[in-house]
1. Run the numbers on the chain and let me know its relative contact order in percent, using alpha-carbon pairs under 8 Å that are six or more apart.
2. Could you work out what % of the accessible surface of the chain is carbon and sulfur, using a 1.4 angstrom probe and leaving DNA, RNA and ligands out of the count?
3. Could you check the spin-label model distance between C108 and A269? Points 7 Å from the Cα along Cα→Cβ, value in nm.
4. Counting only DSSP beta bridges with both residues in the chain, what percent are antiparallel, rounded to the nearest 5?
5. Compute the FRET efficiency between A139 and Q25 as 1/(1 + (r/R0)^6), taking r as their Cβ-Cβ distance and R0 = 35 Å, and round to the nearest 0.05.
6. Express the accessible area of the chain per residue in Å², computed with a 1.4 Å probe while the remaining protein chains stay in the model.
7. Work out the FRET efficiency for R250 and L226 from their Cβ-Cβ distance, taking R0 = 22 Å, and round it to the nearest 0.05.
8. So for each of 157-166, 141-150 I average, over its residues, the number of other beta carbons within 10 Å; can you give me the resulting order with the highest mean first?
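The values are calculated or read from the model by the stated rules, or taken from the named source; none is laboratory data. Because the structure is predicted, anything quoted here is derived from the model rather than measured. Cβ sites come from the backbone with ideal geometry, for glycine too, and all protein chains shown count toward neighbours. Each accessible area value is taken on the protein alone, full model and side chains, heavy atoms only, with ligands, DNA and RNA left out. Shrake-Rupley method; radii C 1.70, N 1.55, O 1.52, S 1.80 Å.
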Amino acid sequence: EARSAGGNQYCFDTPAMNAAVVQRQALEQALRGALERGEFVLHYQPRVSLQDGAIVGLEVLLRWQHPELGLVPPMEFIPLAEETGLIVPVGEWVIGAACRQIRRWRDCGLAVPPVAINLSARQFRSGGLDRTIADALAAEGLDGAQLELEITESTAMTDVGEAVAAMQKLKALGISLALDDFGTGYSSLAYLRRFPIDYLKIDRAFVRDVVTEPGDAAICIATIRLAHSLRLKVIAEGVENEAQMEYLRRQGCDEIQGYHFSPPLEGEALAAMLGEGTRMALPAPAEDAPPP
Ligand code: C2E
Ligand code: MG
Ligand code: MG
Ligand code: MG
């Protein structure tokens, strides 16, 4: 428990709390230099169509290769980057690096599906994001159709008018938009209708036990129906096995992403997959099943 001791000073009740503060400061310090030291790397996770198993998109996932801490996952530094404002330059680097990677893949003759970049709340609200993205695309000779942007449901639902305006500017560049982590925020259905979006991404929290938990299944099914009635496509994230995949497919989910098909991969491994035309195997539809 942190108690304000007046001004900007805080005192902490336990040595563990002090250690946490020191660790946080050390992390912030390290994060400030990470960009210049070239410690950020991008991984790419393919997502596949449940119609034919083809790769229909790639999600860019940021990692921090720290010399002592090793590969730091985004949940351990993005909240801090968001708080300190470092997310804006880091986010710009992600956009530029993703566009350069797309260019290199295309120069190798690969057909690159749309590449989805996650936006933080602060980045999404920062004026000039559309300009930054347009410049990054132009620098590599790419058009907006090559990109998708993922905005979390909670980010979109904070100041809806402003969010709609920001989304419209991005859509004007020809970029598709996805509402990420759907189901974990506080969506108002009336607002959902106003967003110029293309996809809902069902959060993996609902996918994990979709086969065994009726409550989670109900949320997945309702989201799929809702999306389709709004003419949006649905992506389920965190699909780890065939049972989940089959369940979602029978419910009409359009696309899946998760360890069942592939974890996030380094650029080279992903390029190999694209080059080989790798697909997800889909079991034969039920009506084609041999009689018992
Ligand atoms: P997200 O956008 O919802 O991304 C999906 C997360 O689920 C990723 O975690 C991915 O590695 C993980 N995942 C994928 N398939 C499976 C699976 O089958 N099982 C399980 N258990 N997990 C799976 P990751 O890479 O740790 O990223 C976490 C979050 O960090 C992302 O959630 C996103 O919100 C944020 N993030 C990642 N990269 C960026 C970035 O460049 N900018 C911003 N602002 N946020 C980012
Ligand atoms: Mg995402
Ligand atoms: Mg997500
Ligand atoms: Mg998620």
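1. Relative contact order, the chain: 18 percent.
2. 52 percent
3. In this crude label model, C108 to A269 measures out at 1.4 nm.
4. 50 percent
5. 0.45
6. 50 Å²
7. Rounded to the nearest 0.05, the efficiency is 0.80.
8. 141-150, 157-166
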